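First the structure, in the form of structure tokens, and then the observations on it.
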Amino acid sequence: MSKGEQVVDLKFVAARGESVEVCFEPVGTTFSLSDGEAVFLRTAISNVASLEIVSWPNGIGVWVPYPGDYAIIDSKGNEIDTL
């Protein structure tokens, strides 16, 4: 993301008492979440319209424009991966 560009954190969360896998494509980075756990995709706000988000029982697929500059953030605000 270029300096001064507005960013947004998009939240992906497992429902209480449930589990879900969140997969970020096209690289295939996957996180297994359970019982309210969440991860966030940090990206430039200008990228939001280009994201493709697909869900199915116990799964969420997030397709990002690639190459790009994306960070995966945990619920404590720590960067845990980059795409």
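The values are calculated or read from the model by the stated rules, or taken from the named source; none is laboratory data. Remember, it's a predicted structure, so these values are computed and weren't measured experimentally. Note: ideal-geometry Cβ built from the backbone for every residue, glycine included; neighbour counts use all protein chains shown. Surface areas here come from the heavy atoms of the whole protein model, side chains and all, with no ligands, DNA or RNA. Shrake-Rupley method; radii C 1.70, N 1.55, O 1.52, S 1.80 Å.
Computed quantities for the displayed model
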{"quantity": "Apportionment of accessible area to carbon and sulfur, the chain, percent (1.4 Å)", "calculated": "48 percent"}
{"quantity": "Computed E for residue 18/residue 44 - FRET, C-beta separation, R0 30 angstrom, nearest 0.05", "calculated": "0.45"}
{"quantity": "1.4 Å probe accessible area per residue over the chain, in Å²", "calculated": "60 Å²"}
{"quantity": "Between region 4-19 and region 20-83, the alpha-carbon center distance in angstrom", "calculated": "8 Å"}
{"quantity": "Relative contact order (%) - the chain, alpha-carbon pairs under 8 angstrom, separation at least six", "calculated": "30 percent"}
{"quantity": "Charge dipole (debye, nearest 20) of the chain; +1 at Cβ of Lys and Arg, -1 at Cβ of Asp and Glu", "calculated": "180 debye"}
{"quantity": "Å³ per residue enclosed by the Cα convex hull of the chain", "calculated": "85 Å³"}
{"quantity": "Among 35-41, 76-82, 13-19, the order from most to least packed when residues are scored by Cβ within 10 Å on average", "calculated": "35-41, 13-19, 76-82"}
